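First up is the structure itself, then whatever we jot down about it.
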Amino acid sequence: MTVQACAEIVHAGDPDRFASAMTAPVADREVLFPLYAFNLEIAKAPWMTQEPIIAQMRLQFWRDVLDEVEAGGVPRAHEVARPLAEAIRARNIPLAALRDMIDARLSDISREPFEAPALLWSYLEKSAGGLMVASCAGLGFQGADAARRLGRAQGLASFIAALPQLSAHGWRPLDAGLLPAMARSALDDLVALRTTNFGRATPAARAAWRTGGQLRRFLRNPEAAPDGSEFARRTSLVWKTLRRTW
């Protein structure tokens, strides 16, 4: 039940966030890895079973973990729960953002379509946006609005990339014709946020390092594969790290 276990979970399940977290000082990785592992735990809960009740129980487990942290209780013996609790307490990470992340996953359980872009934006603000708020706050950045906008842009890029898999699971969450306008809006947000100084939290913001490229590729060709080459991806991260930008 160590941060190392969380790092291994993130390395296996979210290599992009793992790579960006590795650009942070060691002490800050001990915040980022539990948060990113928590995100993976709640993200997979709706997809591990065909029974909605069981999926809801898995999410309830994490609600209970957060309630215990808030009440000052002893963290339960779980490979992610205990390091997460320690990170929350050490860095005063906002529980509201983490609870938003859990609530967002109810949509993954119901698999009802988002009837309007505003509903998808809300989902992204709570899920990827909540994670960005929590991770930036854990590294000392209190600009929740900027972090949430950056996170939701990142979430939209990931959502678009995941559409084939979502469709394979029988979920067509949004009219695809609405996505280009959303992608352009997200790119506008990235431009507006470019001058934001995330300070010590820059490695947390750097988790979105691929977002702009993903969205631009989608707009150029919505049918194209979402990812660039592995070399281009890693080179981009190294360049941003050397420049101390996100």
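Each reported figure results from applying straightforward, stated rules to the coordinates on display, with no laboratory input. For clarity, every value in this text was computed on a predicted model and none was experimentally measured. Because the Cβ atoms are built from the backbone with ideal geometry, glycine has one as well, and the counts that use them run over all protein chains shown.
Tabulated data
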item	result
Nitroxide proxy distance, nm - points 7 Å out along Cα→Cβ at Met57 and Arg89	2.9
Label zone at Arg111 (point 7 Å along Cα-to-Cβ), backbone N below 13 Å, the stretch 143-167	165-167
Cα-based shape type of the stretch 1-126, given that a ≥ b ≥ c are square roots of the gyration tensor eigenvalues and the cut on a/c is 1.5	prolate
Residues of the stretch 5-49 with amide N under 12 Å of the 7 Å Cα→Cβ point at Ala161	14-20
Read-out percent of Cα pairs over 30 Å apart, derived from the coordinates shown; its label in (i) 22; (ii) 37; (iii) 17	(i)
Residue-averaged [θ]222 nm for the chain, counting only DSSP H segments that reach four residues, each worth -39500 (n - 2.57)	-22000 deg cm²/dmol
Relative packing of peptides 110-116, 151-157 - highest average C-beta neighbours within 10 Å first	151-157, 110-116
Separation of the Asp145 and Asn221 label points, Cα + 7 Å toward Cβ, nm	3.9
Net charge contributed by nearby residues that have their C-beta within less than 13 Å of Leu139 (K/R +1, D/E -1)	+2
Electrostatic dipole magnitude of the stretch 1-60 [Cβ: Lys, Arg +1; Asp, Glu -1; Cα centre; debye, to 20]	80
Ranking of Thr245, Thr23, Thr195 by count of other Cβ atoms within 10 Å, fewest first	Thr195, Thr245, Thr23
Whole-angstrom gap from the stretch 51-74 to the stretch 82-108, using each part's C-alpha centre	10
